[in-house]
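S.K.: Structure below; questions to follow.
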Amino acid sequence: MQKSVSKIAKDVNFFLKKYLKTQKKSNLLLPMKYGIFPGGKKIRSKILIDIGKMFKINYNTLIRISAAVECIHAYSLIHDDLPCMDDDLVRRGKPSMHIKYGESTALLAGNSLLTLAFEVLSDKQLKLNEKIKIKLIKKLSQCSGHAGVAGGQFLDLDFEKKNISIKKVINMQLKKTGQLFSFCCMAPLIIAKKNEKLIKKFQFIGSEIGFLFQITDDLIDAKGSLESAGKKTKKDKKKGKATLIRLLGYKNTIKYAEKLKFNIKKKFKNFGYESNNINQTLEYFLNRNK
């Protein structure tokens, strides 16, 4: 599994480095590169490629789309770390963008990575017909904006130090983390021209996968270390973040995650052998906190 994850990360980074060389020179390119490289484990990309393999989508096409997803993810982390948001000093084992380059540069570099994602999807080198490209761009926009990642981050901040119901916490995390995973699960089916019913089914599965990822991330925050996580841990409790751990306790949250993983894997049962990769990736997720 680690070898597969590392290969995907390497291929996505290779594409992005090559793509950034084609950009006009600007003072923001260096901080943009700082924000996106090396770029963590690329788990979103791994999910996208696992689903893509199930529907026989070209690997290089999936890598290009993964690059767009990673640009969105990097932008969201850069902005999340700002003092006006979560005020985190360390990200992926190094100083956060605003610590390295200042707040204004972090804001602008994040914005630039956001727009770069849509440039990648609209590029003529992505060999897809225009209707499919437009649909991918629209879906990624929806998953990234006020109804997705940005909206989820708003709720995450708004819920701090408040008594929030489990239903609202789940909804917040489905937006903040789940929506980008939704796109990763939808994109291959959009490319394969599958019907809307199946696309919506995978959209929902993707949101559940993202929720599972967020739960394990919260578990790491509760018990992990700076060295293992690549970022400061034990901050959720200090900030009064609305998490399942706060509502259910650590052990019950692990049980909840195991049940969620079981239900997700059950939804892939009809795909037989083709679902092996995605099932292994889900196990890899859940074991991140152990």
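The values are calculated or read from the model by the stated rules, or taken from the named source; none is laboratory data. Note that this is a predicted model, so its numbers are computed, not measured. As a convention, Cβ positions derive from the backbone with ideal geometry for all residues, glycine included, and neighbour counts pool all protein chains shown.
S.K.: Against the condition part of a helix (DSSP H, G or I), at pLDDT 95 or above, in contact with a Gly (Cβ under 7 Å, 6 or more places away or on another chain) and farther than 30 Å from residue 56 by Cβ, how does residue 186 come out, does it pass?
M.R.: no
S.K.: Working only within the range 164-180, note down all residues that are part of a helix (DSSP H, G or I) and in contact (Cβ under 8 Å) with a residue 40 or more places away in the chain.
M.R.: 166, 168, 169, 170, 172, 173, 177, 180
S.K.: Can you say whether residue 93 is out of contact with any strand residue (DSSP E or B) (no Cβ under 9 Å at 6 or more places or on another chain), on the phi > 0 side of the Ramachandran plot and modelled with pLDDT of 95 or more, as far as the supplied structure shows?
M.R.: no
S.K.: Taking the options 100, 17, 46, name whichever one is charged (D, E, K, R), buried (at least 20 other Cβ atoms within 10 Å of the Cβ) and part of a helix (DSSP H, G or I).
M.R.: Step by step, each of 100, 17, 46 is checked, and only 46 is charged (D, E, K, R), buried (at least 20 other Cβ atoms within 10 Å of the Cβ) and part of a helix (DSSP H, G or I).
S.K.: Testing residue 27 on (1) within 19 Å of residue 144 (Cβ to Cβ); (2) over 13 Å from the mean Cα position of the chain (by Cα), one condition comes back false. Which one is that?
M.R.: Here residue 27 clears every test but (1).
S.K.: With respect to residue 275, determine if the residue is without any contact (Cβ under 8 Å) to a residue 60 or more places away in the chain, touching a Phe, Trp or Tyr at 6+ places or on another chain (Cβ under 9 Å) and under 26 Å from residue 128 (Cα atoms).
M.R.: Values: without any contact (Cβ under 8 Å) to a residue 60 or more places away in the chain: no; touching a Phe, Trp or Tyr at 6+ places or on another chain (Cβ under 9 Å): yes; under 26 Å from residue 128 (Cα atoms): yes.
No: the conditions fail for residue 275.
S.K.: If you check residue 146 against the conditions, is it under 22 Å from residue 211 (Cβ atoms) and either part of a strand (DSSP E or B) or not aliphatic (A, V, I, L, M) (or both)?
M.R.: Spelling it out, residue 146 is indeed under 22 Å from residue 211 (Cβ atoms) and either part of a strand (DSSP E or B) or not aliphatic (A, V, I, L, M) (or both).
S.K.: When the range 117-146 is examined, which residues are found to be touching a Leu at 6+ places or on another chain (Cβ under 8 Å) and within 15 Å of residue 191 (Cα to Cα)?
M.R.: 121, 128, 133, 136, 137, 140
S.K.: If I filter the range 34-43 down to residues being out of contact with any Lys or Arg (no Cβ under 8 Å at 6 or more places or on another chain) and not in a loop (DSSP other than H, G, I, E, B), which single residue comes out as surrounded by the fewest Cβ atoms within 10 Å (Cβ to Cβ)?
M.R.: 43
S.K.: Related question: Test of understanding: among 82, 30, which residue is farther than 19 Å from residue 135 by Cα and either touching a His at 6+ places or on another chain (Cβ under 7 Å) or modelled with pLDDT under 95 (or both)?
M.R.: Residue meeting the stated conditions: 82.
S.K.: Let me ask something additional. Please state which of the following conditions residue 160 fails to meet, knowing it meets all the rest: (1) part of a helix (DSSP H, G or I); (2) among the charged types (D, E, K, R); (3) touching a helix residue (DSSP H, G or I) at 6+ places or on another chain (Cβ under 7 Å).
M.R.: (1)
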